[in-house]
Amino acid sequence: MAGKVALFAFNGELMCFVHVLLNALDMNDKGYEVKVVVEGAATKLIPEIAQASSPMNQFYTKVKERALINGACKACSNKMGVLEAIRAEGIALLDEMTGHPSMARYMEEGYEIITF
C-alpha cells in the first residue's frame, strides 16, 4: 500500500529541483499521495522553470497539472524576490510557522517528510 509523502525542496540548484519533480511524478504514478513544498532557495526556480522555453518546463507542468505542488514558503519567496511570480503561477503561499511552512503539520496529517 502506497503512503503519503511530502517532498520539501530547499536546494536552489535546478537539477536538484527537477529530481523533486521527477520523484513526485513517479510516486504519484505508483499511488502515493504526494505534496511538494517549495522552500528556501528553491523558490527562485519557480519563475525560471515555469517558462515554456525552459528545458525542464515539461516536468514542472506535469506536476502542476496533477496539483502536486502544495505550496511555496511565503517568507522565502519574498526574500528571494519571487513572491509575485509565485502568486502569478497560482501556487499557494504557506506561512503557518512564522512565515514558513510547518513540517509538523504534514507529519500530523500522516505524511513522511523527505527533504531535497
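Looking at this structure, is Lys74 within 17 Å of Leu22 (Cβ to Cβ) and in contact (Cβ under 8 Å) with a residue 24 or more places away in the chain?
For Lys74, the condition - within 17 Å of Leu22 (Cβ to Cβ) and in contact (Cβ under 8 Å) with a residue 24 or more places away in the chain - is not met.
Restricting the search to region 4-34, which residues are of a type outside the set (D, E, K, R), in contact with an Asp or Glu (Cβ under 8 Å, 6 or more places away or on another chain) and not in a loop (DSSP other than H, G, I, E, B)?
Hits for region 4-34 are Val5, Ala6, Phe8, Ala9, Leu14.
What are the pairs, 6+ residues apart or on separate chains, where a residue within region 16-30 that is within 17 Å of Gly40 (Cβ to Cβ) has its Cβ under 7 Å from a residue that is part of a helix (DSSP H, G or I) and aromatic (Phe, Trp, Tyr)?
Close Cβ pairs satisfying both conditions: Val18/Phe59; Leu21/Phe59; Leu21/Tyr60.
Exactly one of (1) farther than 19 Å from Ala2 by Cα; (2) out of contact with any helix residue (DSSP H, G or I) (no Cβ under 8 Å at 6 or more places or on another chain) is unmet by Gln51. Its number?
So Gln51 meets the others, but not (2).
Ala67 passes all but one of (1) surrounded by 15 or more Cβ atoms within 10 Å (Cβ to Cβ); (2) within 11 Å of the chain's Cα centre (by Cα); which number fails?
Only one criterion in (1) surrounded by 15 or more Cβ atoms within 10 Å (Cβ to Cβ); (2) within 11 Å of the chain's Cα centre (by Cα) is unmet by Ala67, namely (1).
Quick note: the coordinates plus some simple rules give every number you see, no bench work behind them. Since we're looking at a predicted model, the values are computed, not measured. Neighbour counts run over all protein chains shown; Cβ positions are idealised from the backbone, glycine included.
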